[in-house]
Each structure stands twice: as C-alpha cells, then as structure tokens.
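Take a look at the structure set out below.
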Amino acid sequence: MTIAERFHAPGTALLQRTPALDSGDPAHKRAEIAAYFTAVFERYESLFLTLADERAFYEKAIPLRHPLIFYYGHTATFIVNKLVLAKLLPHRIDPRLESIFAVGVDEMSWDDLDETHYDWPSVSEVKTYRDKVRSAVLQLISELPLTLPITWESAWWPVIMGIEHELIHLETSSVLIRQHRIEYLRSQPEWLPRSEHGQAPANELVPVPAGSVELGKRRDASYYGWDNEYGMRRVAVDAFKASRMLVSNAEFLPFVEAGGYQTDAYWDEEGLQWRSFARATHPSFWIPGPQWRLRLMTEEVEMRWDWPVEVNYLEAKAFCNWKAEVTGEPIRLPTEDEWYRLYEVAGVAEVHADTPAAANLQLDHGASSCPVNRFAHGEFFDVVGNVWQWMETPMYPFDGFEVHPMYDDFTTPTFDNQHNLIKGGSWASCGNETLRTARYAFRRHFFQHAGFRYVSSHAAVKEPNAYYESDRQMSEYAEFHYGDTWFNVANFPAAMAQLCIEMMGDKPARKALDLGCASGRGTFELARHFEHVTGIDFSARFVGQGVEMAEQGVLRYTLTEEGDLVSYRTATLEQHGLQDTTQRVAFFQGDACNLKPQFTGYDLIMAVNLIDRLYNPSQFLGQVHERLNVGGLLVVASPYTWLEEHTPKDQWIGGFKKDGESYTTLDGLRDILGGHFVQVSEARKLEFVIRETQHKFQHSLSEVTVWERTR
C-alpha cells in the first residue's frame, strides 16, 4: 500500500494537524499536544531513514548548507534551548551537542560557502540524544500546568514553537535530501512519491475581480503563528488575471528551448549574477539527456510534464519577463496581496483535522508533487499546496509586528529586501505551514519545493517597508526623533518645531526649511503649521529616513540593548498625529554651506544642532539671509560642541579666546548675523537625550536663539 493509499484508507490516521490553542478541555489538550509532538518527532526521524549509509549524513548535499547530520540533531537542540531559555527545563541535556547543533546556515549569497570544520558526533550519538530529548519533552508536557487559551505569553508557547520548528525542517531537510547524491539515498514507505502523470494541460489567464483583503493574524487567533504573521494590513487590490494553474514543467520548457537561460534581457542584475555563478541552463531538478528526466527526493524518474516546475525566484521572474514579451501581456509574479485575493475568490478553506486535505498538503497525498490539474479550488488549481509559490513581495512586517522573546531572530534577518515571500505551502508542508496566515521567506536564489503561478496586471508593484535600519547611528537618530522619551525630557525635534511655531505668531506661514533635518521629525512637526516644509540634510541616509516616513508612514529600526543584543522598534507618523502632514513636506540631500538656488523664499529656517557640524559655519551664516524672506525667522540651536573632526579650528565661530578674552559661539552669531538680522528673544536652553544602549544615555543642552531678518 502506498502512502497515498494508506492516508485514504478507511480508519487510518492522518499526520496530526496543528492543534487549536484556544478551546477544549485542558486534559484533552495536554494529550493532543503530546500526540502532536510524538507524531512530528517520529515523522522527522523517518525522513533520515532515506539516507542509505552514514556517508550521506556527513557529506554536504550542497556546499551552502551544513551536512544532514546537523539537521538531524538541530531540531531537538532547538526545543531544548528554548525550554531552557524559558526556564521550563532545569538544565541542558547535552551542552556539547546543544552547542554544535544550535545555529544553522542561511547563506546570504549563492557563493557564501561555509568552510568551517566541525567535529560532528556519530549518528548513533545523535539518535541517543534525540531519544533523551523526546523523553524530557514528554515528561514536561505531562507535568506543566495548563490553562487555556495558550497565548504568546504562555509557558506552553515554546513547546508548540519547538514542534512547529521541527516541521519547518522536515520540509527543508527533504529539499536537501533531494539535492543529495542519488547513490546515498533509498526509498522508504512513508516517503514514496506519487506516480500519476500525463500530458500537461494548457494554462490560461482567469480574471480575478478587484476587492479588499485583510492580511495578518490576531493575537487571540486559534492556531500557533510565527512573529511575522501578527499585526494587520488591510488593502484594496486592483482587478488582475491569474494563471489557472501553476506553471508546469511543460509550460516552462519553451522558455528553456527559446534560450531563456542565455538571454540576458530576461534576467535582472541579481539573476544574471546567480545564473553566471550557477552556470544554470535549466531548472535544477531537471536531468538532461536524450529525454529529460526529473529528480524527486530519493529517485530519478521520467519527466512529469504535468507536474509544477520547481525553480527559484530568479528563474520564475525571468520566465515571466519572457512570457510578457511573447504574449504582450503585463506578466509578472503575484504580490502577497494578490495571493490573498485569489485565495478568497477561489473559496479555499483551511485543512480539516480529520479528513485528507483538499490540496497536496500535509503529506496527505504522498511525498512529491502531483499534476497541476489534480486539486481544483474554484476556477483555479493549487491556490494552496503542491509547491510553494514565489511572490513578487519581499518579506516585510505588518503594522503591530513584535519579536517574540523566545525566538528573536526568526524573521528579523529577512527584513532586508533580499528575502521574498512564498505562499501556499507544498506537499511537504504541515502544521502552521498549511495555514492561510503562514508567511515564510527565502533568499531569491534559494531552492525549496517551490514553483509559481503568474498574473497579468498593469497595477504597479509597491515595495513594502521591509527594512530595519541596523546602522547604530541611524537607529539612534530614528529613536531620537520618533521613539520614546527618556527621563521626562520632551522629544527634542518636536519641541524645537513647537518653539518655532510659537515664535512665528501671526507671521506668514507659507514655506519653512528644516536645515539639518536628520530623520525628519521636525520637518513633519513644522508641517502642522506651514503650507510647505523642506527638509534638507547632508546625509542621504538621513534623508532616506524622512522620505520613508513620508511615503510609507512607518520607520523600522533596531536599538542596541547591550553588546550584540538588539531590540526591534517600529515608529509611525500616526502615533504622533502627523499622518496628515505628508503632502506638505519634501526631503532633499544638500550642503548647508552650498545650497542649490531653488531653496529660497522661506518664512522660517530652522537649523538645529547644525552649525557645529559644518565645515564652514561662517559661510552658511553669512549667506542664509538670501534664503529667507524679509521679516522671516532664523532659529539656530546648537550645543556648541566644536570638534576639529567636523570643523577646522580656524573655522570655529566661537569657543576660543579672542583678543585675550573668551569669545563664545553666541558672540560669533551676533557678529556674523548682525548685518541682516536682529535677535528677537533671549537665548534659551533646551535639553535632549540620545539613547545609546539600555544603560547608557547622552544628556545634552542645546542653546536656542531666534533671529528676524531685517534687510
């Protein structure tokens, strides 16, 4: 009996589904979780029975990843480490192995080879370790107090996390096995592929009407989720057309035969670099010869032309570019938003607990792909299941994203615009991976059990805000502008803007210039009062933060806690009541000492913590009146921290002895500005705090002077 037949046989059990965490009797839930852990643990171990001898454990399947012995031990180590971190296990089970198996490899490039040499333990040693872990976890499950619901904060959360993590590696390890030398492998009853195949059906585009979708997961959702799933996004999706089926091997063949792998025009820069390095001329799992053959997990078979092609994102995108040229249609990969819309239009439902999935998911139908016209979902096929589907969308966080303290680097390394989302799950996807809300992302050159469908749409693909600023100075300024207040000191850029607005009184408020705007908070704050505000900074990266806020209303950054440990922050304009100012601001890179001619005609110029960072402050101050309307205000704030690394000493405008007497920066300001300005208020000091780490803060005073242009 094949695995597919066994799963469909009356009275036989399916691989247990991820449990609901918000309902049921605690005693029954405890038993359900114990059974779930056991089923997943055993199924994972069965995967490694496909390795024919010990050489297969220690020789790398691909140079970019650890050998399979690592993955055999890693999942058990992961759950131990998380349970120790959560103080649910009193001690480690084997500290040496738990160190060796702790950290995997997510290569950052296709040539990012791991040349480290490891003293790997024997297979039997790892098996003994896994047996100990199994006993310890089952003992914990039997004793740990349980109240429902199990939430993000619950002591049970890391238990479920460990199980779901093992299911992720069930899939990724099966991919590595598929990439291994065929002579190292053997078939196993629980890992037999499907056998049906035939002539590939013709694909076609099917209209998907416009509509709105809601992405994200509530904290009180019934099922376990990874951190990137939580938060909310509601968006309107334009009408588009989607391919009825996944792209089959047969549909991909004309691209190969047309020289698609040799035609540079179909590939973006990243794709060209990967293609050159990999010397790719066809999909990785295709075996050339007199007749094309297909590599499955443990065997090679004649080509399954009606099965989905399995490629990386770069290949899928190149195919879409070719398809667009051939058909004249605006063909591309779908966005995550469009996939959710397709899911709704197709009427897809979640996998049920007690019946086989209505899709090639959860290992319910064998250990391989199947024909692309096998599982219908409304007018479409394989909206979920069979193979993962590459999205045009990079991984990004929803509004409200938070990092779970038990696994703080699960998602955040993928917020780099270099990891693209995959949706829908594959034949090997189980548990959380099968849920509508599941969000996984891989490097674009990465191979998973992944293929694609294409869409036709004139709608522009909008890049989500996926990037977390990790540069320490940039992050400190992002926090300084948009983050928390410290020691009851008011937000400095906001306080400066408010002071400027108060000083303006009933003067015209048409245009303002925030010179040295840094991350832009003052620019937005001035836009509460002025019709238009220009933010200029010498640093393009600071300007980029302002632009990001203006365009997306959100800025994400890391904060140093101590050493290499960081926390993740998200700031929004809305939380500061600034969301309505974005149409009145514009940001530019510029040199305060040499501004372009168009930056003129302002009613206010705010120069905050700027003059002691200029290479020639006298030049700036001597020309600034040319940018300001008569009657307009110049507001200068500075801690007067003169440093030769920023300003040559002979260019300082104060902070030295002149004619034997102390000559302050305020003296210099009066001397330089006196020809065109009059000081209209006494100098005052505003304090500000810059957070460096959770235990170190920089507390400073900035002296503020206000000057009115008289001529």
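Read-outs: derived from the displayed coordinates by stated rules, not from any lab. Keep in mind it's a predicted model, so treat the numbers as computed, not measured. Methodologically, a virtual Cβ is constructed for each residue, glycine included, from the backbone with ideal geometry; neighbour enumeration extends over all protein chains shown.
Worth pointing out:
- Only Lys, Arg (+1) and Asp, Glu (-1) charged, at Cβ; the chain dipole about Cα centre in debye: 460
- With neighbours defined as other Cβ atoms within 10 Å of a residue's Cβ, the residues Arg556, Arg279 order from fewest to most as Arg279, Arg556.
- Net charge of neighbours whose Cβ lies under 12 Å from the Cβ of Leu515, counting Lys and Arg as +1 and Asp and Glu as -1: -1
- Axis angle, to the nearest 10 degrees, between helix 26-47 and the longest C-alpha principal axis of the chain: 70 degrees.
- Region 469-620 - charge dipole about Cα centre, Lys and Arg +1 at Cβ, Asp and Glu -1, debye rounded to 20: 520
- Relative contact order of region 3-190, defined on C-alpha pairs under 8 angstrom at six or more residues apart (%): 37
- Stretched out straight at 0.36 nm per residue, the stretch from Asp659 to Glu463 would grow longer than its current Cα-Cα span by 64.6 nm.
- Signed unit charges on C-beta, dipole axis of the chain, positive-most listed residue Leu573, Ala495, Leu559: Leu573
- Residue-count net charge about Val461 - beta-carbon cut-off 9 Å; Lys, Arg +1, Asp, Glu -1: 0
- Radius 9 Å from Cβ of Leu205, net charge of other residues (Lys, Arg +1; Asp, Glu -1): 0
- Degrees, to the nearest 10: 157-178 long Cα axis against longest axis of the chain: 70
- With both labels modelled 7 Å from their Cα along Cα-to-Cβ, the Asn594 to Glu302 distance reads 7.2 nm.
- A straight Cα-to-Cα reach below 19 Å connects Lys82 with the aspartates and glutamates Asp94, Glu98, Asp131, Glu143, Glu153, Glu164, Glu166, Asp227, Glu402, Asp408, Asp409, residues fewer than 8 places away in its own chain not being considered.
- In the chain, the longest principal axis of the Cα atoms and the axis of helix 123-143 are about 70 degrees apart.
- Ranked list, fewest to most other Cβ atoms within 10 Å of each Cβ, for Met406, Met391: Met406, Met391
- DSSP beta bridges fully contained in the chain are about 70 percent antiparallel.
- Solvent-free Debye scattering, log10 I(q)/I(0), computed from the Cα coordinates of region 3-190 at q = 0.15, 0.16, 0.18 Å⁻¹: -0.96, -1.07, -1.26
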